[in-house]
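One structure is given here, and the rest of the page talks about it.
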Amino acid sequence: MLRGFLTVGAWTMASRVMGFVRDIMIAAYLGSGPVAEAFLVAFSLPNMFRRFFAEGAFNMAFVPLFSKKVESGDDPKGFAQDAFAGMILVLSVFTVIGILVMPWLVTAMAGGFRGDERFDLAVEYGRIAFPYILFISLAALVSGVLNANGRFLAAAAAPVLLNIVFIVGVLVGAAMGRPASDMLGAGMDQMLGLRVGDTLALSVPVGGIAQLALVWWAAARAGFKLTIRKPKLTPDLKKLAIIAAPAALAGGVVQINLLVGRQVASFFDGAIAWLNYADRLYQLPLGVVGIAIGVVLLPELSRRLQAGDTVGGRYAVSRAAEMALTLTVPCAVAFVVVPLPVTQVLFQRGAFGPEDSLATAWALAVYGLGLPAFVLQKVLQPLYFAREDTKSPFRFALAALVVNAGLAIGLAPVIGYLAAALGTTLAAWAMVWLLWRGARTMGEAARFDDRFRRRLWRILAASAGMGLCLWAAMAALGPLFDLPAWKVPALVGLVLTGMVSYYVIGSAIGAFALSDIRGALKRPRKA
C-alpha cells in the first residue's frame with residue numbers, strides 16, 4: 001500500500017509542480033484582473049462537476065464494487081465496460097445541456113460578475129471548457145479500473161499532461177497576442193490578456209482528451225480495453241446507481257460549499273484570483289498526500305473487507321492517517337507562520353503586485369489551518385465507501401454545508417473575502433469530527449492503533465518546534481525578501497530550515513521512522 005502511495009504521490013508532486021509553473025505564468029500575464037477571474041470561474045465549472053461525477057459520486061461507488069469483483073473474479077471487465085458506456089451517454093447529454101445554460105451556471109458560480117465584462121468572458125470561456133467534464137470523468141473511471149488492479153502509474157501521471165497543455169496554451173496565447181497588441185498601443189496589455197485567456201480556455205478540453213488517451217491506453221495494456229458501445233442497464237449498474245445516489249447528493253453538497261465561497265468572493269474585486277492562487281498552494285500537500293492516500297486506501301480497504309481481514313484493515317487506516325499527518329501538519333504550520341514570503345516569491349511579478357501577494361498570503365494562512373482536516377477526510381471517507389455506505393457522508397456533508405454557509409455569508413461584511421476561506425476551513429474540521437464520530441460503530445477495523453496514538457502528539461510537537469525555527473529564520477532573512485536578487489535564495493533558506501528542523505526534532509522524539517518507508521520499498525523476495 002505504501003509503495004502505491006509513494007507512486008501516486010511522486011507523480012502528483014510532478015503535476016503540482018507543473019501546476020505551479022502554469023499558475024505563475026497565468027499570474028504574470030493576467031494577474032487578478034477580469035480575464036483571470038473569468039477564466040478561473042469558467043475552468044471551475046467543469047472541475048466542480050468532475051468532482052461530482054468522477055472523483056465524487058461515481059468513483060466512490062464504482063471502485064469498491066469493481067475491487068470486489070476483481071477479488072472474486074466475477075467478470076470485472078464486463079462491469080467496467082457497462083459503466084464506461086453508460087457514463088458516455090449520461091455525460092454527453094449533460095455536456096450539451098451545460099453549454100446551453102452556461103449563463104445561468106456562471107450566475108450561480110459568480111453572481112457578482114453580472115453587469116460587467118467578466119460575465120460575458122466567463123460565459124464564452126465556460127462554453128469552450130465545459131466538454132472537459134466528459135473526458136475527465138471517463139478518465140477517472142478508467143483510472144479507477146487501473147487503481148483497483150494495483151496499477152497506479154498512468155492514472156497518477158495523467159494530470160501532468162493537463163498542466164503541460166496549459167503551459168503551451170499560455171505561451172501560444174502570448175505569442176499570438178503580441179503582434180496584434182503592438183498595433184493597439186494603449187490596449188496592448190488588454191489584448192495580450194485576452195489572447196492568453198482564449199488559448200487557456202481551449203486548453204481545457206484538449207488537456208482532458210490527452211488525460212483520457214493516456215489512461216485508456218494503460219488500461220488496454222492491462223487487459224481492460226473499454227470501447228464505445230450501446231449502453232445497457234444491468235443489475236450491477238442498478239446497484240451502482242443506488243449506491244452512487246447518496247454520494248452524488250453528498251458531492252452536490254460539497255459543490256454548494258464551493259459555490260458559496262465563489263459567490264462571496266465574486267463581490268470583492270480580485271478575490272476569486274487571490275483565493276485560487278492560495279488554493280493552489282495548499283493543494284500541493286493535499287494532492288501529494290491526501291489524494292494519493294485516498295486513491296490507494298479505498299481499493300485496499302475494499303479488498304480487505306471482502307476477505308474479512310479486520311486486522312489488516314485497521315493497520316491500513318492507521319498507517320494512512322499516520323503518513324498523512326506526518327507530511328501535512330508541518331506544511332500547515334509553515335503556511336500559517338510564513339505565508340507572505342511564499343506568495344511573494346512564487347507569484348509577485350508582472351500583473352501580480354504586492355497587494356495581491358498580501359491578500360493571497362492571508363487566504364493561504366487561513367487555508368493552512370484546515371489542511372490537516374482536508375487530508376484526514378481522505379483517510380476517513382474510505383471507511384464508509386469501502387462498506388458501500390454513502391448515506392452517512394451525505395448527512396455529514398449537509399452539516400458541514402450549514403457551517404460553511406453560515407460563516408462565509410455571515411462574516412463577509414466583517415472580514416471580507418477571507419470569510420470564504422474561513423468557512424471552508426472550519427467546515428472541513430466539522431466534517432472530520434462527524435466522520436470520526438460515525439466510524440466508532442464500525443468495529444476494530446475503523447479504529448486507530450496504539451502506534452498511531454503514540455506518534456500523533458510527537459508529530460504535533462515536532463511541527464510546533466519547526467514553526468518556532470521558521471519564525472526565527474524569517475526574522476533573520478526578512479530583509480532579503482525586499483531585494484529582488486535574494487528573494488529565491490531567502491525562500492530556499494526558509495524551506496531548508498523547516499525541513500531540517502522538522503527532521504531533527506521529529507527523529508529525536510520518535511515522531512516518525514524512516515525505516516518504515518525503506519522497509520515498504522523493499523521488493524519481496526521470490527520463494
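The values are calculated or read from the model by the stated rules, or taken from the named source; none is laboratory data. Note that the structure is a prediction, hence the values are computed from the model and not measured. Glycine also receives a Cβ, built like all others from the backbone with ideal geometry; neighbour counts cover every protein chain displayed.
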Legend entry - Test set (1) free of Cβ contacts under 8 Å to residues at least 40 places away in the same chain; (2) assigned to a helix (DSSP H, G or I); (3) closer than 30 Å to residue 303 by Cβ - residue 383 fails condition number: (1)
Inset, instruction - Provide a single number: the residues in the stretch 452-479 that are crowded, with 18+ Cβ neighbours inside 10 Å and farther than 26 Å from residue 326 by Cα. - result: 1
Inset, instruction - Of all residues in the stretch 442-455, count the ones that are closer than 19 Å to residue 508 by Cβ and out of contact with any Asp or Glu (no Cβ under 8 Å at 6 or more places or on another chain). - result: 1
Legend entry - Which numbered condition residue 388 fails, given (1) surrounded by fewer than 22 Cβ atoms within 10 Å (Cβ to Cβ); (2) farther than 30 Å from residue 238 by Cβ: (2)
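Scan the stretch 393-413 and tell me whether some residue there is of a type in the set (Phe, Trp, Tyr) and closer than 23 Å to residue 329 by Cβ. Even if it seems obvious, please write down each step before you answer.
Step one: filter the stretch 393-413 for residues of a type in the set (Phe, Trp, Tyr), giving 394, 396.
The next check asks that each one be closer than 23 Å to residue 329 by Cβ; those that pass are 396.
The answer is yes; a qualifying residue exists.
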Inset, instruction - Please identify the pairs in which a residue from the stretch 147-164 that is of a type in the set (Lys, Arg) has its Cβ atom under 6 Å from the Cβ atom of a residue that is assigned to a helix (DSSP H, G or I) and surrounded by fewer than 21 Cβ atoms within 10 Å (Cβ to Cβ), counting only partners at least 6 apart or on another chain. - result: none
Inset, instruction - Sort out which residues of the stretch 442-501 are assigned to a helix (DSSP H, G or I), modelled with pLDDT under 90 and among the aromatic types (Phe, Trp, Tyr), and write them in order of number. - result: 452, 481, 486
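Would you tally the residues in the stretch 374-415 being of a type in the set (Gly, Ala, Ser) and touching a Phe, Trp or Tyr at 6+ places or on another chain (Cβ under 6 Å)?
1
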Inset, instruction - Kindly list, by first and then second residue, each pair from a residue in the stretch 452-466 that is of a type in the set (Lys, Arg) to a residue that is surrounded by fewer than 17 Cβ atoms within 10 Å (Cβ to Cβ), limited to pairs with Cβ atoms under 6 Å and residues at least 6 apart or on different chains. - result: 458/509; 458/510
Inset, instruction - Inspect the stretch 366-374 for any residue being crowded, with 23+ Cβ neighbours inside 10 Å and closer than 22 Å to residue 37 by Cβ and give the result as yes or no. - result: yes
